[in-house]
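Below is one structure; the comments refer to it alone.
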Amino acid sequence: MKQWNVLLHGGDYNPGQWLDCPDILREDVRLMKLAGWNAVSVGIFDWERLEPEEGRYDFDWLAEIIDNLYAEGIYTVLATPSGARPGWMAEKYPEVLRVQADGRRILFSGRHNHCLTSPVYREKVRLINRALAERFGRHPAVILWHISNEYGGDCHCELCQAAYRAWLQKKYGTLEALNHAHWSAFWSHSYSSWEQISSPMTSIGETYHHMNVIDWKRFTTDQTVSFMQAEKDALREFSPDVPVTTNLMSFYDGLNYGKFRDVCDVISWDNYPTWHNGDETLPASTAMAHDWMRSLKPDQPFLMMESSPSATNWQSVCKLRRPGMHMLSSMQAVAHGSDSVQYFQWRKGRGGAEKFHGAVVDHDCSAEHRVFREVAEVGERLQSLSALAGSVFPSRAAVIHDVENRWALGEIQALHNTKHQKGYMEDILSAYRPFFREGVNVDVVDEEADFTRYKLVVAPMLYMLRAGIAEKLARFVENGGVLVGTYWTGVVDESDLCFLGGTPGQGLDGVFGLRQTEIDALYPDDKNTVRILPDAGLHGFAPEYASGDLCQLVETTTARTLAVYGSDFYAGTPALTVNSFGNGRAYYVAARMPQSFYDDFLGMLCRELGLKNLDAALPKDVTVSMRRDEKTGREFLFVQNFSDAPAEIALPGGLTDAETGEPSTGTLCLPGYGLRILLREPC
Ligand code: GLA
Ligand code: ZN
């Protein structure tokens, strides 16, 4: 596969909107050089210009753009145009347009509005992709295919319904197996023919069978992956060695991104944090999104395909990035393993929905703009850091975030129905934040991950256990790993069918050394406490923590109790336990705990297991991420200050400044939003 040995700096470029303004197009090239751009993403929404009439392609204008940029040393990330289709196609072949969950076909409007199944659409995409590959697939400028744009959504048309039935038939084989997995005897919903099955469309208001919703999401994921695979196949004949990617959307709920691992040669994603919104968790949640995306392919860098250089026009408050934040936000991506800083968008359009979206070039068309200058600074810095390209982000800890588990939690009626997906994502973030705080590299993985790479795995609320997962976790602990589980673990199998005979199911009860009995959900004003037992050996912990929300009641078998509930009818029963299992141990957190508990508890485990990237105490809002060059063993430590106030860190010895080459000793002083990259040579 083609490779590039620099960090990419660039983004979405829409020359198609300016074809009648040659001056602007010429000026773009000049300004891009000034901004330190070395890669543009082009053609994303250009189908109507690439195929103005059915079967008549016009690629000359695009060739001219690509050539002109390449002459100035700027690479092209070339898109396939399937993200939006031309009017002639929608008019002639209405089946290419999506049908919503209420059964209505969407008119020719907007983008991302295509049926995933339509043979016509798939064929039109195949033809244009193949033609684009034939023309540009071996062009030296083209380093990457950007397939479609932000795949998402679903389609409920008859073609998709038929494909869904075929998918179910392939999965279950018989109606009997399907009826069992969907527990369809409930409410007299058993299917006696495949034709009776439909997607979960808008109903009379009652909750659908959960498994129909979950299987529909699985189907939509598979259909999207197969759509992308078909797009990729169409490119391969003429472009065998240009890698492909598609821009993902981190925690987007509609697709299981875990399934995109193989079809993507490179993972890329679009990052739009709402900086300066007063949410103290934002730096960590943004880091977590990078880690989730990177962990889809943990042994290679990813790309930050889009980010806004300034305000993002669709956010509820379009706040500007304060001076310094653009550099910090961009370098945060690099710190977490991105080999690029790319933007949406190069230049603000004159009209349309995104004319006020942050861009490198504003309507003033000037390089003197503050945003332009800050972008150019990032460009300069990335160029001097090209030694980082290809380096990895090695993690010895993981937090499990499983999309199917999230879907299942979203469907069930239980616990706290006021909380979206039962508070699962909040739990993931609570578990993630201590790693951010301690400066520990961590992967965010799903149940399918290879746990043998890690020393510590934290698995909040692992409600759904697909086949083989418990066994994998048991082996991980047996071989010396440390596992942290929480309430509501191992309750159902992959068909959302409850395990009978006690939980956590599939043998995880033995790993944790306990049985879950009942789970109590508390109203917002209800409180309980979790009291650390004096002989628990948990030093530096508070004597007790306020808990609430969810309190799992358990009975231990072999586990040792480290903390107990402070009140209510289950006062004195276990709230935190540890169980030795093989060479490892499994902790169980029974109650939904405050952040301070997770900070103390997981912070302790990070220190004990030697996971910190830098042996130093970190002030609040300062974190350290590490990338390693596998060839030389050199480690790059990114010390990032997300506070607007200066911060000081007492450094251990043996470090140099990666950018100046000067030794870094004593106290490192970082300004507000400051960042320093330190180099650690292999011992
Ligand atoms: C998404 C899309 C882009 C653009 C940006 C705006 O990420 O992929 O085309 O609309 O949002 O933030
Ligand atoms: Zn459809």
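Annotations
- In range of the label at Glu54: residues from region 92-117 whose backbone nitrogen is under 18 Å from the point 7 Å along Cα→Cβ: 92-98, 108, 115
- Divide the volume of the convex hull around the Cα atoms of the chain by the residue count and you get 167 Å³ per residue.
- Those GluC sites (Glu not before Pro) in region 567-660 that DSSP places in a loop and that have at most 15 other beta carbons within 10 Å: Glu630, Glu659
- With a cut-off of 14 Å between beta carbons, the residues surrounding Met228 carry a summed charge of 0, where Lys and Arg count +1 and Asp and Glu -1.
- Distance from the alpha carbon centroid of region 81-157 to that of region 219-250 works out to 12 angstrom.
- Summary: within the chain, the longest segment free of chymotrypsin sites (Phe, Trp or Tyr not before Pro) located in DSSP loops with at most 12 other C-beta atoms within 10 Å is 1-313.
- Cβ-derived FRET efficiency at R0 35 Å, Lys92 paired with Leu320, nearest 0.05: 0.20
- Expressed as a fraction of 2.2 N^0.38 Å, the value expected for a compact globular protein of N residues, the C-alpha radius of gyration of region 622-680 is 1.11.
- Sites listed here are trypsin sites (Lys or Arg not before Pro) in region 1-80 whose DSSP assignment is loop and whose Cβ has at most 16 other Cβ atoms within 10 Å: Lys2.
- √(5λ) per eigenvalue of the Cα gyration tensor, region 225-371, largest first, Å: 28, 20, 14
- Every helix of 4 or more DSSP H residues in the chain counts as -39500 (n - 2.57), and over all residues that averages to -9000 deg cm²/dmol at 222 nm.
- In the frame of its principal axes, region 397-608 has Cα extents of 39, 37, 32 Å, reported largest first.
- Our note on the geometry: Cα centres of region 428-504 and region 525-586, 19 Å apart.
No lab work stands behind these numbers, since they all come straight from the coordinates. From a predicted model like this one, the values you see are computed outputs, not experimental measurements. All Cβ positions, glycine included, derive from the backbone under ideal geometry; neighbour counts span all protein chains shown.
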